[in-house]
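Below: the structure, in structure tokens.
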Amino acid sequence: MAAVELILLQRVEKLGQMGELVKVKPGYARNYLLPQKKAIRASKANLERFETERAQLEAQNLKRREEAERVAERVGGLSVVVIRQAGESGGLYGSVSARDIADGCTAAGLTINRSQVVLEHPIKTLGLTTVRVALHPEVSIPVTVNVARSAEEAEKQARGEAVGLAAEEEDADAEPLELFDPDAEITAG
């Protein structure tokens with residue numbers, strides 16, 4: 001299949017900046033870039049239209065970026081607690097999805113949708129994980145996701161204490177229990 005030539009209307013990660021002519025696969029153009037209004041087809045008429053509207057589009061982009069930067073400063077260091085069931089080894093029964101993180105951020109006061117959460121891989125274990133939330137194509141903030149079995153466990157994890165098997169192992173290493181007295185005499189009775 002031949003590549004489709006498009007003009008980007010905004011910065012697209014791993015593709016290009018606003019105003020660039022890019023060649024992409026037809027499915028990516030048809031299913032993502034065009035419906036999301038991130039690009040338009042590169043025809044002579046569209047090129048001329050883009051050049052006349054370029055200053056306006058750049059001004060709108062700059063305004064949205066500045067707004068996103070203000071929000072990023074306001075909610076810097078955001079932490080979200082997600083309560084999930086997990087096995088003894090700390091593995092979750094399922095995983096924490098982008099929707100769960102977006103819901104947690106909204107509850108914490110940062111209204112985002114799940115498409116703004118950038119998960120490199122699904123979260124499948126208890127503990128603290130840092131994910132990226134893209135407020136704007138050029139502005140993103142780190143959000144700490146605290147996955148725990150209960151609110152008490154989440155508080156312990158936030159303080160840096162070990163929970164689950166790691167805590168039990170630390171307790172076992174800290175103070176061995178003596179169940180018998182090695183100096184006692186053994187009598188047959």
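Each value in this text was obtained by applying a stated rule to the coordinates, not by laboratory testing. Quantities reported herein were computed from a predicted structural model and do not represent experimental measurements. When we count neighbours, we look across all protein chains shown, and the Cβ atoms used for this are built from the backbone with ideal geometry, even at glycine.
Please turn the phi angles of the stretch 9-15 into ³J(HN,Hα) values with the Karplus equation 6.51 cos²θ - 1.76 cosθ + 1.60 (θ = phi - 60°), one per residue in order, whole Hz, x for glycine and proline.
After applying 6.51 cos²θ - 1.76 cosθ + 1.60, I find 8, 7, 5, 10, 4, 6, 10 Hz.
With the Cα gyration tensor of the stretch 20-67 giving a ≥ b ≥ c as the square roots of its eigenvalues, does the rule (a/c under 1.5 for rounded; else a/b larger than b/c for prolate; else oblate) give rounded, prolate or oblate? Before the final figure, lay out each step's value.
Values: a/c = 2.80, a/b = 1.36, b/c = 2.06.
It is oblate, given that a/c is not under 1.5 and a/b is not larger than b/c.
Ignoring the sites themselves, what is the longest stretch of the chain with no trypsin sites (Lys or Arg not before Pro) in a DSSP loop and at most 15 other beta-carbon atoms within 10 Å?
With a cap of 15 other Cβ atoms within 10 Å, the longest stretch comes to 38-189.
In the stretch 79-173, what percentage of the DSSP-assigned beta bridges are antiparallel, given to the nearest 5?
Around 75 percent of the beta bridges assigned by DSSP in the stretch 79-173 are antiparallel ones.
Near V71, within a Cβ-to-Cβ distance under 12 Å, what is the net charge of the other residues, with Lys and Arg +1 and Asp and Glu -1?
The answer is 0.
Using a cut-off of 12 Å between beta-carbons, work out the net charge of the residues near V4 (Lys and Arg +1, Asp and Glu -1, V4 not included).
In short, +3.
Quickly estimate the mean residue ellipticity at 222 nm for the chain, helices only: each DSSP H run with n ≥ 4 gives -39500 (n - 2.57), and the total goes over all residues, rounded to 500.
-10500 deg cm²/dmol
Scan around K38 for amide H atoms under 5 Å from its own, H built in the peptide plane at 1.01 Å from N, and keep only partners 5 or more places away or cross-chain.
Long-range HN contacts for K38: none found.
Round to the nearest 10 and give me the degree value, 0 to 90, for the angle of helix 165-174's Cα axis relative to the longest principal axis of the chain.
Helix 165-174 and the main axis of the chain meet at about 40 degrees.
Is the C-alpha gyration tensor of the stretch 79-173 telling us rounded, prolate or oblate? Criteria: a/c under 1.5 is rounded; beyond that, a/b larger than b/c is prolate, otherwise oblate.
It comes out prolate by the Cα gyration axes.
Looking at the chain only, what percent of DSSP beta bridges run antiparallel? Nearest 5 please.
If I count the DSSP bridges inside the chain, around 80 percent turn out antiparallel.
Among the listed pairs K38/K63; K23/K63; K14/K37; K37/K124, give every one whose C-alpha distance is greater than 24 Å.
Pairs exceeding the cut-off: K23/K63; K37/K124.
Which shape class applies to the stretch 1-118: rounded if a/c is under 1.5, otherwise prolate when a/b exceeds b/c and oblate if not, where a ≥ b ≥ c are the square roots of the Cα gyration tensor eigenvalues?
Oblate shape, in that a/c is at least 1.5 and b/c is the bigger or equal ratio.
Can you tell me, using C-alpha contacts under 8 Å and at least 6 residues apart, the relative contact order of the chain as a whole percent?
Normalised by residue count, the contact order of the chain is 17 percent.
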